[in-house]
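Enquirer: Below: one structure in structure tokens.
Read-outs: derived from the displayed coordinates by stated rules, not from any lab. In this text the structure is predicted, and so the values were computed from the model without any measurement. Every residue, glycine as well, gets a Cβ built from its backbone with ideal geometry; the counts of neighbours run over all protein chains shown.
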Ligand code: NDP
């Protein structure tokens with residue numbers, strides 16, 4: 001795949017880049033390794049000052065970088081600006097809290113282990129490679145970079161090949177903020193060049209956000225090399241609505257939960273599982289809400305949904321839908337891509353879904369929702385857990401006993417009650433099963449790429 005910016009709203013090639021050659025990769029690895037040896041000795045206060053400066057620059061440049069994001073991957077300009085703002089917030093969060101998150105863990109009674117003092121100390125692992133996707137081209141990276149840099153690690157970014165300008169911007173941003181040369185570098189390389197980087201002894205660990213195949217490829221190499229990985233892969237989050245819920249509010253949020261980021265979010269709600277007592281009411285409101293969204297130019301402030309990021313992404317959605325229709329699904333709204341340039345696809349709701357359809361188990365990475373009717377909470381939970389994923393989950397009920405059931409029995413890294421799954425610097429983020437392992441964000445996320453060194457002193 002070429003490293004290329006293609007505007008998905010028009011199909012026009014904006015810029016093309018050459019992938020780094022072996023010598024260029026070597027130079028960057030050497031620089032990363034040399035920087036890691038020095039950077040690990042900086043204080044939390046020094047790192048925090050740099051990260052706050054990065055946040056300030058990003059705030060000042062929010063509009064310009066949002067235009068680049070929208071041009072490269074099609075999200076609406078409004079949501080691109082919100083993403084940039086969220087990145088600045090995430091940076092400030094880690095600037096403020098990293099020292100406390102990584103404070104020594106002191107054993108209150110060292111005598112119990114025969115020591116005069118005993119504690120755990122979090123130390124950086126060194127150079128960490130981040131393999132990142134295009135869907136939140138800034139946030140996915142900052143979610144890794146802010147805690148990594150605060151922990152004293154050094155970052156290498158292999159970004160998705162369709163967002164090279166965002167990738168280069170991030171490298172430049174950290175450099176201008178004053179981080180040492182080599183603390184955060186972008187490697188413009190294709191997926192096929194990742195293995196050699198992972199096998200390099202100067203690289204200590206890797207994090208992947210993306211598809212299952214990408215996660216498998218990186219984790220298997222890292223398995224052979226005994227290197228730590230964090231994987232944040234796909235999801236097909238359920239959105240369950242029970243009779244006690246505020247159905248109108250649930251339907252309104254459901255539209256946003258499915259269509260955020262033009263439907264291309266790992267934590268988008270994708271399967272809508274509705275109790276039969278409120279099914280008709282929810283279905284009517286949800287379908288009407290989906291059909292009312294305005295699809296069009298992502299630069300236009302009145303647009304709700306821009307194009308899908310790539311032609312291949314739209315083809316995937318069309319194939320999933322065609323397979324479902326062949327097997328007897330009904331299309332309740334949308335369903336047909338408009339003619340003309342750009343990779344647009346309308347918000348689409350599918351009913352009468354059966355296990356024979358690929359859409360029943362596979363992730364739809366676009367504004368395509370499945371709607372199910374269930375008789376009770378047992379059936380809802382069974383259906384919610386039917387896929388091999390386990391990222392987020394949404395459940396709408398005001399019944400405390402039902403809420404406990406969902407918290408207990410939904411197989412997922414997160415359960416959001418009466419709201420939609422979203423990520424926050426304050427909360428752990430990640431999945432189980434084929435959605436991956438490890439956690440990002442919060443105190444847990446910053447510790448993933450640390451060596452918790454046990455210190456025992458006699
Ligand atoms: P990919 O997983 O292919 O891309 C994500 C990143 O992984 C990119 O940087 C990509 O590089 C890299 N990559 C891909 N294959 C390998 C490999 N074998 N070894 C090393 N790195 C690799 O996602 P796609 O863009 O193809 O999207 C396809 C699907 O991925 C979606 O339908 C969705 O299911 C899932 N996805 C999930 C995301 C999430 O947030 N969890 C985000 C994006 C996608 P390159 O671009 O050069 O191929």
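Enquirer: I need 333, 266, 87, 259 ordered by Cβ neighbour count within 10 Å, fewest first.
Expert: So the ranking, lowest neighbour count to highest, is 333, 259, 87, 266.
Enquirer: Calculate how steeply helix 247-259 sits against the longest principal axis of the alpha-carbon atoms of the chain, using the helix alpha-carbon long axis, and give the answer as 0 to 90 degrees to the nearest 10.
Expert: Rounded to the nearest ten degrees, it is 60.
Enquirer: Another question about this same structure. If you rank 348, 310, 42 by fewest surrounding Cβ atoms within 10 Å, what's the result? Display every interim value, and only then the final one.
Expert: Working: 348 25, 310 19, 42 16.
Fewest to most other Cβ atoms nearby, the residues stand as 42, 310, 348.
Enquirer: For the range 95-210, what relative contact order do you get, as a whole percent, if you take Cα pairs closer than 8 Å and at least 6 residues apart?
Expert: 30
Enquirer: Using the count of nearby Cβ atoms within 10 Å as a rough guide to exposure, how do 189, 273 rank from fewest to most?
Expert: Fewest to most other Cβ atoms nearby, the residues stand as 189, 273.
Enquirer: Expressed as a rounded percentage, what relative contact order does the range 237-417 have, with Cα pairs under 8 Å and six or more residues apart? Mind showing how you got there, number by number?
Expert: Details: 360 pairs, mean separation 52.3, N = 181.
So the answer I get is 29 percent.
Enquirer: Rounded to two decimals, what is the ratio between the C-alpha radius of gyration of the range 237-417 and 2.2 N^0.38 Å? Let's see the in-between values first.
Expert: Values: Rg = 15.6 Å, N = 181, 2.2 N^0.38 = 15.9 Å.
That ratio works out to 0.98.
Enquirer: What fraction of the DSSP beta bridges in the range 237-417 is antiparallel, stated in percent and rounded to the nearest 5? List each step's numbers first, then the result.
Expert: Values: 3 of 22 bridges.
Taking every DSSP beta bridge with both residues in the range 237-417, the antiparallel ones total about 15 percent.
Enquirer: Could you order peptides 62-74, 398-410 by the average number of other Cβ atoms within 10 Å of their residues, highest first?
Expert: 62-74, 398-410
Enquirer: While we're looking at this one, here's another question. How would you order 2-15, 159-172, 355-368 from highest to lowest mean count of nearby Cβ atoms within 10 Å?
Expert: 159-172, 355-368, 2-15
Enquirer: Test of understanding: express the Cα radius of gyration of the chain as a ratio to 2.2 N^0.38 Å, with N the residue count.
Expert: 1.01
Enquirer: Using Cα pairs under 8 angstrom and six or more residues apart, how large is the relative contact order of the chain, in percent?
Expert: Across the chain, relative contact order equals 19 percent.
Enquirer: With axes computed from alpha carbons, what is the tilt in degrees of helix 212-225 against the longest principal axis of the chain, rounded to the nearest 10 within 0 to 90?
Expert: 20
Enquirer: Now a separate question. What fraction of the DSSP beta bridges in the chain is antiparallel, stated in percent and rounded to the nearest 5?
Expert: In the chain, approximately 35 percent of DSSP beta bridges are antiparallel ones.
Enquirer: Now a separate question. What angle, in degrees between 0 and 90 and rounded to the nearest 10, separates the Cα long axis of helix 164-176 from the longest principal axis of the Cα atoms of the chain?
Expert: Between the helix axis and the principal axis of the chain, the angle is about 40 degrees.
Enquirer: In Å and from the alpha-carbon atoms only, list the Rg and Dmax of the range 408-458.
Expert: Cα-based Rg and Dmax for the range 408-458 come out at 14.8, 53 Å.
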